[in-house]
Amino acid sequence: MKKSLSLLCVLCCFAQPVRAAEINTLGALVQPEFKLFSEDLGAALSYKAVIPAEPLGITGFDLGLEVTSTEMKSLALWSKATGGGSALSSLIVPKLHVHKGLPLNIDVGAFYSAVPTTNIKLYGGELRYAILEGGIALPAVAIRGSVSKLTGVDQLSFGTKGLDISISKGFAMFTPYAGVGRVWVDSTPLATTGLTKETFQLGKVFVGGNLNFGLINLALEYDKTGSAQSYSAKLGFRF
């Protein structure tokens, strides 16, 4: 219990809100800047499962509080897009994340987020199928389709779709995993901003590890989407 409380304290410290502002002056950006700003948002707001490839099973359940910190490659643009808000070196996104196992090696997952000090609200989900469920000798291999959708920002309609393949292998209570994939970003500004829609793709690679202490579960993940790096931690329950 003491170890679990210590881990939770670390996670809470990591999740302290950044000094940011509401995205409400997109019209201050020119079109190339809007593309760069959208790429940063694509890396930060696209789906991150933070979970191994092995299926949970029909009775399996994974519930956790997750925090993802993503570097902003064009940090000065945040100030322009938020009417003078702080230039942002990283965007910290806290999430409530849940996964449920289904029959036939299929898992579903969903998350919800509201980013402190901003008008960013975000939700998304995944459907994952384990081609190999894994075992004593074999790793688990899974393919996943995912989506995420931004709400709360009146000047921007923003969403992502993702497709990836991942592999994991359990060793006692520790399960390392890795994967590669692709993210499709659709960023549509309000017409009054004078900007036009940007649609593009970003490559994705990720690697992580899951530690299970009975019911208490800790997962850590490194992700690189496009040229931006993200670091995620998820603490919760898994059975």
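Select, from Thr175, Thr193, the only residue that is under 14 Å from Ile51 (Cα atoms) and open to solvent by less than 30 Å² (accessible area, probe 1.4 Å).
Thr175
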In the stretch 145-162, anything within 13 Å of the chain's Cα centre (by Cα) and among the β-branched types (Val, Ile, Thr) is listed as Val147, Thr160
Could we say that Tyr222 is within 14 Å of the chain's Cα centre (by Cα), of a type in the set (Ser, Thr, Tyr) and either more than 19 Å from Leu122 (Cβ to Cβ) or not in a strand (DSSP E or B) (or both) here? yes
Scanning the stretch 69-123 for residues that are in contact with a Leu (Cβ under 8 Å, 6 or more places away or on another chain), among the aliphatic types (A, V, I, L, M) and in a loop (DSSP other than H, G, I, E, B), which turns out surrounded by the most Cβ atoms within 10 Å (Cβ to Cβ)? Leu88
Say whether the condition of being touching a residue at least 40 places away in the same chain (Cβ under 8 Å), hydrophobic (A, V, I, L, M, F, W, C) and open to solvent by less than 30 Å² (accessible area, probe 1.4 Å) is met by at least one residue in the stretch 129-137. yes
Can you name the residue in the stretch 138-169 that is open to solvent by 40 Å² or more (accessible area, probe 1.4 Å) and aliphatic (A, V, I, L, M) and, of all such residues, is farthest from Asn24 (Cα to Cα)? Leu138
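The values are calculated or read from the model by the stated rules, or taken from the named source; none is laboratory data. Values in this document were obtained by computation on a predicted structure and should not be read as measured data. Cβ: placed from backbone, ideal geometry, glycine included. Neighbour counts: every protein chain shown. Only protein heavy atoms, including side chains, enter the accessible area calculation; ligands, DNA and RNA are left aside. Shrake-Rupley method; radii C 1.70, N 1.55, O 1.52, S 1.80 Å.
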